[in-house]
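Chemist: There's a structure below that I have some questions on.
Derivation of every value follows stated rules applied to the coordinates shown; laboratory data play no part. For clarity, every value in this text was computed on a predicted model and none was experimentally measured. For neighbour counting, all protein chains shown are included, and Cβ atoms are generated from backbone atoms with ideal geometry for every residue, glycine included.
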Amino acid sequence: MSLSVYDALTLDWRASLADASASDWITVAAYLLAAVIAWRAARAAGHVGQGRERLFWLVTTVLLVFLGINELFDFQMVITAVGKALAVEQGWYEDRRLYQFEFVLGLTAVALAAGGAALWLTRGADRSLRWALLGLVFIGAFVLIRAASFHHVDRLLGMGPRDFTWGSVQEVLGIVVIAYAASSYRRRRRMRV
């Protein structure tokens, strides 16, 4: 008996919501706190007339809020469930590794293009923006690795204490880098006013 796309989607997604662990909630709180700090950095940039820097911090704020929400709702699980159900229904499930590889290559190309655009936009900007960008790249790499769903990598990221695995530590480290960069930026901007 095969599941429909809708059935696979709702079963897997409900399971991910019910399985939110302490580390998930800590990571969500870290994302939301970092988003508030980035938003305050955007306000500081606006007060001193730094339009590009303000835009950077606003985009960073939106990304952090989205990633925090994703931590609980696991949107990549939705993509995986829909993809698997479609692959089974349409008969190409046996070739799924090729499609997964192409999907990850596409994500990598988009991430590289976005990173290049961010580097271009931050040229000549305060060094805190580059640090925040490094944190975003760090988190992006984590997300890409998880999206690839290589089981041996999943096992490695799942190592460590039960409630706070190495994958969680890596993700929070990226968040801390962004929050620190935003806080430093805001502090320096306030000193110039």
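Chemist: Which ³J(HN,Hα) values in Hz, rounded to whole numbers, follow from the phi angles of region 175-185 under the Karplus curve 6.51 cos²θ - 1.76 cosθ + 1.60, where θ = phi - 60° and Gly and Pro get x?
Modeler: Those phi angles translate into 5, 4, 4, 5, 4, 5, 4, 5, 5, 4, 4 Hz.
Chemist: Between rounded, prolate and oblate, where does region 41-97 land on the alpha carbon gyration tensor, with a ≥ b ≥ c its root eigenvalues, rounded for a/c under 1.5, else prolate if a/b exceeds b/c? Walk me through the intermediate numbers first.
Modeler: On the way: a/c = 6.88, a/b = 3.53, b/c = 1.95.
Because a/c hits 1.5 or more and a/b exceeds b/c, region 41-97 counts as prolate.
Chemist: For D19, D74, what's the fewest-to-most ordering of other Cβ within 10 Å of each Cβ? Show your work: numbers first, answer last.
Modeler: On the way: D19 9, D74 20.
So the ranking, lowest neighbour count to highest, is D19, D74.
Chemist: With θ set to phi - 60°, apply the Karplus curve 6.51 cos²θ - 1.76 cosθ + 1.60 along region 99-110 and write out the HN-Hα couplings as whole Hz, x wherever there is a Gly or Pro.
Modeler: 5, 4, 4, 5, 5, 5, 4, x, 4, 5, 4, 5
Chemist: Considering only the other residues whose Cβ falls under 11 Å of the Cβ of E171, what net charge follows from Lys and Arg at +1 and Asp and Glu at -1?
Modeler: Neighbour charge sum, excluding E171 itself: -1.
Chemist: Could you put F142, F75, F101, F56 in order, starting from the residue whose Cβ has the fewest other Cβ atoms within 10 Å? Let's see the in-between values first.
Modeler: Numbers: F142 18, F75 15, F101 11, F56 26.
Going from sparsest to densest Cβ surroundings: F101, F75, F142, F56.
Chemist: Something else about it: Report the gain in length on full extension from D95 to V169: 0.36 nm times residue separation, minus Cα-Cα distance, nm rounded to one decimal. Working shown, then result.
Modeler: Values: separation 74, 0.36 × 74 = 26.64 nm, distance 3.36 nm.
Gain on stretching D95 to V169: 23.3 nm.
Chemist: Starting at the first residue of region 29-35, write each ³J(HN,Hα) from the Karplus equation 6.51 cos²θ - 1.76 cosθ + 1.60 with θ = phi - 60°, in whole Hz, x for Gly and Pro.
Modeler: Residue by residue, region 29-35 yields 4, 5, 4, 5, 5, 5, 5 Hz.
Chemist: Once the other residues with Cβ under 14 Å from the Cβ of L32 are scored (Lys, Arg +1; Asp, Glu -1), what is the net sum?
Modeler: On the way: positive: R40; negative: D24, E71, E171.
With Lys, Arg at +1 and Asp, Glu at -1, the net is -2.
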